[in-house]
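The values are calculated or read from the model by the stated rules, or taken from the named source; none is laboratory data. Not measured: the values here are computed from a predicted model. As a convention, Cβ positions derive from the backbone with ideal geometry for all residues, glycine included, and neighbour counts pool all protein chains shown. For accessibility, only protein heavy atoms count, side chains too; no ligands or nucleic acids. Shrake-Rupley method; radii C 1.70, N 1.55, O 1.52, S 1.80 Å.
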Amino acid sequence: MRILKVAIPAGIVMSGFLLLTTASYGTPAYMKKENLKSCTGCHAKLPPTKESPNLNTLGTCYQKNDHSLAKCDVPANLKKS
């Protein structure tokens, strides 16, 4: 009986986490596709959160142009050689 007092609330909390969390939108695949050195090319050094992706100007340009850097000015120090 004591196990049920702990297991039932734990199960409810775990199912809530699984149902209410979302996948991240910025992925390392974008970084590889655009040939950037690191994620800090588009994001600030703080980790992105659900409320704020912490995008810098390049990240905002990338987001507005359908996930393409073709129309964005990319500094040379951010590109891989």
message = Against the conditions (1) assigned to a loop (DSSP other than H, G, I, E, B); (2) open to solvent by 80 Å² or more (accessible area, probe 1.4 Å), where does Ser68 fall short? Just the number, please.
response = (2)
remark   = Result of the Cβ filter at 6 Å on region 61-75, keeping first residues that are without any contact (Cβ under 8 Å) to a residue 24 or more places away in the chain and partners that are assigned to a loop (DSSP other than H, G, I, E, B) and open to solvent by less than 100 Å² (accessible area, probe 1.4 Å), at least 6 apart or interchain, is Cys61/Cys72; Lys71/Asn65
message = Which numbered condition in (1) hydroxyl-bearing (Ser, Thr, Tyr); (2) surrounded by 10 or more Cβ atoms within 10 Å (Cβ to Cβ); (3) not in a helix (DSSP H, G or I) is the only one that Ser52 fails?
response = (2)
task = Any residue in region 34-60 that's among the acidic types (Asp, Glu): show its pairings with residues that are modelled with pLDDT of 85 or more and open to solvent by 70 Å² or more (accessible area, probe 1.4 Å) at Cβ separation under 9 Å, as long as the two are six or more apart or on different chains.
result = Glu34/His67; Glu34/Lys79
